[in-house]
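Asks: Got a structure here, written out as structure tokens. Questions coming.
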Amino acid sequence: MSKGILYDSLLVRDLARELDRRLAGRRARVLRLDADRRVASLEADDGGLVLDLHPTRGWITLGAPPPAPALHRLHRTSTIRSVSAPEDERLLRIDFGGSTSQERPIRSIVVELMTNQWNVIGLDGEGRIVAILWPRRPRDLRVGSTYVAPAPAPRLDAGVGLGAWGLGELIRRVAYTSPLNAGWILGDAEAASSPGSSPSADAIEKRWRRLVDGAREPVVLETKRGLQPYPVPIEGAGVVVVERTASLLEAMRVAAGLEAEAPATGAVPPELLERVRSRLHRLETRAQALEREIEEAGPEADRLRGLGDLLLARLHTVPRGADVARVEGWDGQPVEIELDPALDAAANANRLYEAAKKRSRARSVLPPRVRELRQRAGELRDVLERAESGEATEEEVAAALPAPGSPDAGGDDEDRLPYRRYRTSGGLEVRVGRGAKGNDDLTFHHSSPNDVWLHARDVGGAHVILRWNDGDANPPARDLAEAAVLAALNSKARTSGTVPVDWTRRKYVRKPRKAPPGLVTPDRVKTVFVEPDEAVERRMRVN
């Protein structure tokens, strides 16, 4: 009898990413729980999510939800906001947006996938359990209690020094390793084919990085437990690739012995509809961000102008070369004003006035851009609605999307990287994160410990990674400044005259537990001041 599939943190992470692409933005209606069969399902637009968590199965697939005795109806405006997985943990989290008028609405669903503790738990906005597939003690998993996730086992987010570790130590100490992939990382297959030889430490580290950060090539593996879906092909130690698939969800269906997922609507392929939904989500998110920027531009301009006035009035108290001015405010309370130490107090006041002017200018420059984004989103929403009702053809839907490679495409491919690539004048690669989730992915999965991490100070913006592996020396000042310009341009301070950009080594950046996407805490920070020059960005683009 099959023992069910094995979930490790790598499989859960990649499964969350794929589910997020497929489900984010869909309206959710009902959560069904069948404790006897250990099956949970989420009914949503165009089908639903089925979680068959019986110990002998463990399949997570998209399709028509089966009937179930326990039914928890979600609010009619609930939409799936995101599907995510904490770093190096076997937890899936589905978060919902929409109305909160229901007395105790389900605001998130947690899917626990640790060994024999598979479970599905619905939580309200305060983290209390509203619905549960399998009530358990002694963890106090029952309706009404406050949900506490299993304590994670802290492991290193780095592949350095793997060659000196054995199989058990590797699994205990290194993120995303497991009994399923550790043999492949250590080169069991090579060692078996070449008696007396052992792979180098460099080869072992490269295999770990390929496993965690390399291209995704979903497969179905045959293991001692049975068929196993996995995001990358690994072989050795009793593991064999039996089939390659187009997606991890397809691999899951193949391993489960299910038929391929039928298209949700008429002649339009579901992959094309997902591209439209993803494009629509990005247009609406961008429009909302610009609207917030317009709303904040006036108060921010007033604040900067007021600081400039105060600085001019206290010129005699500000020493030259200071990076912070501590002066008495109009109300007698102390005020701190950040300065560019290369400028005197009067020039810093002019810098604040110029930044205020750019903020005010944003109020007139950005509204036309918002109207354009809203118009394009409306046109795309109309095409999507007609496609979902069977009224639009595949050709019509494809024509509504930007041509691949065009400036408007914005990376519509499902497998796009979470960052954009640039090159400094000194030849160093720079990576700029795409959105909050992309920022986390770039910082913790697409960078090395000694790389330089940059972010505009005290404002929302992209994480920027300057690739630099020399742990004993800082990068050249010019390359660092060019990377800082990208951080300034990709932040809410991009209309300022001069922007302070914090930088540190990537290994000194950590993610606080339960912090939202994109929020990190850097240590040992230094600051450079740069001008957000678009000409620099154009010069650094990598085709």
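Bear in mind that the values in this text are calculations on the coordinates, not laboratory data. Note that this is a predicted model, so its numbers are computed, not measured. Methodologically, a virtual Cβ is constructed for each residue, glycine included, from the backbone with ideal geometry; neighbour enumeration extends over all protein chains shown.
Asks: Could you state the principal axis extents of the C-alpha atoms in the stretch 9-132, from the largest down, to the nearest angstrom?
Replies: Sorted largest first, the three principal extents are 37, 31, 29 Å.
Asks: Another one. Based on C-alpha coordinates, I'd like the Rg and Dmax of the stretch 12-68, in Å.
Replies: Every Cα atom of the stretch 12-68 included, Rg and Dmax give 11.3, 32 Å.
Asks: Can you tell which of 117, 254, 399 lies farthest toward the positive end of the dipole of the chain, using +1 and -1 charges on the Cβ of basic and acidic side chains (Lys, Arg; Asp, Glu)?
Replies: In the chain, that residue is 117.
Asks: Mean 1/r over all different Cα pairs, inverted: what Kirkwood radius does the stretch 462-525 give, in Å?
Replies: 13.2 Å
Asks: Moving on. Mind checking the angle between helix 270-313 and the chain's longest principal axis? C-alpha axes, 0 to 90 degrees, to the nearest 10.
Replies: 30 degrees
Asks: Restricting things to alpha carbons, tell me how big the chain is in terms of Rg and Dmax, in Å.
Replies: 26.0, 83
Asks: Given +1 on the Cβ of Lys and Arg, -1 on the Cβ of Asp and Glu, and no further charges, what dipole in debye does the stretch 269-357 carry about its Cα centre, rounded to the nearest 20?
Replies: 300 debye
Asks: Taking the Cα centroid of the stretch 477-543 and of the stretch 266-319, what is the distance between the two, rounded to the nearest whole Å?
Replies: 16 Å
Asks: Turning to a different aspect of this structure: Kindly identify the stretch 205-355 as rounded, prolate or oblate by the Cα gyration tensor criterion: order the square roots of the eigenvalues as a ≥ b ≥ c, call it rounded if a/c is under 1.5, otherwise compare a/b with b/c, prolate if a/b is larger, else oblate.
Replies: prolate
Asks: Select from 454, 145, 184 the residue farthest towards the positive end of the dipole of the chain; place +1 on Cβ of Lys and Arg, -1 on Cβ of Asp and Glu, and compute about the Cα centre.
Replies: About the Cα centre, the residue reaching furthest to the positive side is 145.
Asks: Shifting gears a bit: Based on DSSP H runs of at least 4 residues, each adding -39500 (n - 2.57), what is the mean residue ellipticity at 222 nm of the chain after dividing by all its residues, to the nearest 500 deg cm²/dmol?
Replies: Dividing the helical sum by the residues of the chain leaves -11000 deg cm²/dmol.
Asks: Something else: Can you tell me the orientation of helix 201-213 relative to the chain, as the angle in degrees between its alpha-carbon axis and the longest Cα principal axis, to the nearest 10?
Replies: The angle comes out at about 90 degrees.
Asks: Still on this model: By count of other Cβ within 10 Å, fewest leading, how are 220, 432 ordered?
Replies: In increasing order of surrounding Cβ atoms, one gets 220, 432.
Asks: In terms of modelled amide H atoms, which long-range or inter-chain residues lie less than 5 Å from the amide H of residue 47?
Replies: Hits under the 5 Å cutoff: none.
Asks: Can you put 466, 304, 312 in order, fewest other beta carbons within 10 Å first?
Replies: So the ranking, lowest neighbour count to highest, is 312, 304, 466.
Asks: What does the charge dipole of the stretch 419-540 about its Cα centre add up to, to the nearest 20 debye, if the Cβ of each Lys and Arg holds +1 and the Cβ of each Asp and Glu holds -1?
Replies: With only Lys, Arg, Asp and Glu charged at Cβ, the dipole is about 480 debye.
Asks: Taking other Cβ within 10 Å of each residue's Cβ, how do 447, 178 sort, fewest first?
Replies: Listed from fewest to most nearby Cβ atoms, that is 178, 447.
Asks: Any idea what angle helix 9-23 forms with the longest principal axis of the chain, computed on alpha-carbon atoms, 0 to 90 degrees, nearest 10?
Replies: 80 degrees
Asks: Here's something else I'd like to know. Just the Cα atoms of the stretch 270-399, one point each, no solvent: what log10 I(q)/I(0) does Debye give at q = 0.16, 0.20 Å⁻¹?
Replies: At q = 0.16, 0.20 Å⁻¹ the computed log10 ratios are -0.81, -1.03.
Asks: Towards the positive end of the charge dipole of the stretch 419-540, with charges on Cβ (+1 Lys, Arg; -1 Asp, Glu), say which of 516, 527, 473 has the farthest Cα.
Replies: Looking along the dipole axis, the top candidate is 516.
Asks: Based on Cα coordinates alone, diagonalise the gyration tensor for the stretch 419-540, multiply each eigenvalue by 5, take square roots, and list the semi-axes in whole Å, largest first.
Replies: Output for the stretch 419-540: semi-axes of 19, 17, 13 Å.
Asks: Which value does Rg/Rh take for the stretch 306-345 over its C-alpha atoms, Rh per Kirkwood?
Replies: Computed over Cα atoms, the ratio is 0.93.
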